[in-house]
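First up is the structure itself, then whatever we jot down about it.
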Amino acid sequence: MARWLLGTALVSWRYLWQITPLHRSECLGRVPDDTPPPLPAELHDDRLQTADEGVGSFYHRRFRVEILDAVLGPGALMRRVAGEFQRFVPSEVVGVRIGEQVSGPLKAGDELVVEMPGPWDGPVRVVHAADTCLRLATLRGHLEAGQVEFHAARDGDVLTFEVQAWARPSTRLVRWLYSSVRLAKEAQLNMWVRCCRAAAREAGGHPSNGVVIETRQLPEDVRVQPDTA
């Protein structure tokens with residue numbers, strides 16, 4: 001509770017005064033361009049909370065930062081994400097609890113809990129881990145239902161880091177907080193913007209032009225989760 005009260009105040013203050021330019025756009029999405037990747041069959045069980053089990057509209061959000069003068073390459077940056085995930089989330093309000101069975105960098109099948117303010121935490125499972133990509137799927141009890149992916153790539157002298165989220169609110173209460181009062185939506189934005197800024201810092205570079213945030217929305221009656229791979 002103390003972390004939530006003090007942390008939320010600090011995060012809100014930093015959000016109001018942060019100087020990173022944010023380039024935001026919202027539009028209607030379409031199938032299949034905005035649907036999540038298929039889940040590996042061997043990691044799909046009753047504990048997973050897929051996007052089609054959520055409530056309300058489906059959102060595909062992309063947070064992207066282009067990093068100049070980076071010392072690390074895509075693989076080295078993503079090894080830090082997989083090995084020190086807690087360094088990429090706002091520590092004022094978010095904690096990361098790694099499962100006891102996890103050793104070393106995150107790999108497919110590993111589970112962790114992102115501890116957030118409010119009456120819920122964020123249990124997730126790693127469903128894909130590669131040199132430049134890490135993807136997590138939500139488990140029962142998460143405030144969202146879907147997947148989130150972290151990806152790094154290099155284009156010439158520019159290192160690009162991107163967070164993509166494919167999800168629906170998990171309950172009617174979360175839908176109200178997300179879509180009506182937009183509290184959960186802005187909290188999510190702040191978290192992944194901070195993640196992009198942390199990626200630039202960890203890579204030893206700096207954002208070239210802030211963070212680009214794209215939000216694409218699909219109607220609530222659209223089925224989005226493809227069959228397992």
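Rule-based calculations on the coordinates, nothing more; no lab input. Just so we're clear, the structure is a prediction, and the values are computed from it rather than from any experiment. All Cβ positions, even for glycine, are placed from backbone atoms using ideal geometry, and neighbour counts span all protein chains on display.
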q = 0.09, 0.17 Å⁻¹, the range 99-229: log10 I(q)/I(0) [Debye, one scatterer per Cα] = -0.30, -1.09
The range 100-229 - percent relative contact order, Cα under 8 Å, separation 6 or more = 12
At each listed q (0.12 Å⁻¹), what is the log10 of I(q)/I(0) that the Debye formula gives for the chain modelled as equal alpha-carbon point scatterers?
-> -0.64
Would you calculate, for the chain, the mean residue ellipticity at 222 nm contributed by helices, counting each DSSP H stretch of 4 or more residues as -39,500 (n - 2.57) and dividing by all residues, to the nearest 500?
-> -7000 deg cm²/dmol
Let me have the relative contact order for the chain, percent, based on Cα pairs under 8 Å that are six or more residues apart.
-> 36
Candidate cut points under trypsin sites (Lys or Arg not before Pro) in the range 141-229, DSSP loop plus at most 13 other Cβ atoms within 10 Å of their own Cβ, are 182, 223
Length gained if residue 41 through residue 97 is fully extended, taking 0.36 nm per residue and subtracting the Cα-Cα distance, is 17.6 nm
Equivalent ellipsoid semi-axes - Cα gyration tensor, the range 38-102, angstrom | 27, 19, 15
Looking at the chain, do any whole DSSP H helices span at least 15 angstrom along their long axis by alpha carbon and average -1.0 or above on Kyte-Doolittle, and which?
-> 2-17, 183-202
For the chain, built as a Gaussian network whose Cα springs stay under 10 Å, the top-fluctuating residue of 158, 211, 31 = 31
In a GNM of the chain with a 10 Å cut-off on Cα contacts, which of 54, 99, 73 has the highest mean-square fluctuation?
-> 99
Any number yet on Rg/Rh for the range 89-169, C-alpha, Kirkwood?
-> 1.00
Given 16 as the ceiling on other Cβ atoms within 10 Å, longest exposed-site-free region of the chain for GluC sites (Glu not before Pro) in DSSP loops = 101-219
Summed residue charge, Cβ within 10 Å of residue 159's Cβ, Lys/Arg positive, Asp/Glu negative | -3
How high is the FRET efficiency from residue 157 to residue 53, r the C-beta distance, R0 41 Å, rounded to 0.05?
-> 0.45
Per the range 164-204, sqrt(5λ) over the Cα gyration tensor eigenvalues, sorted largest first, in Å, gives 27, 10, 5
P(r) weight above 17 Å for the range 18-66, C-alpha pairs, percent = 55
For the chain, built as a Gaussian network whose Cα springs stay under 10 Å, the top-fluctuating residue of 200, 145, 130 = 130
Rounded to the nearest 0.05, FRET efficiency between residue 20 and residue 115 (Cβ-Cβ, R0 30 Å) equals 0.75
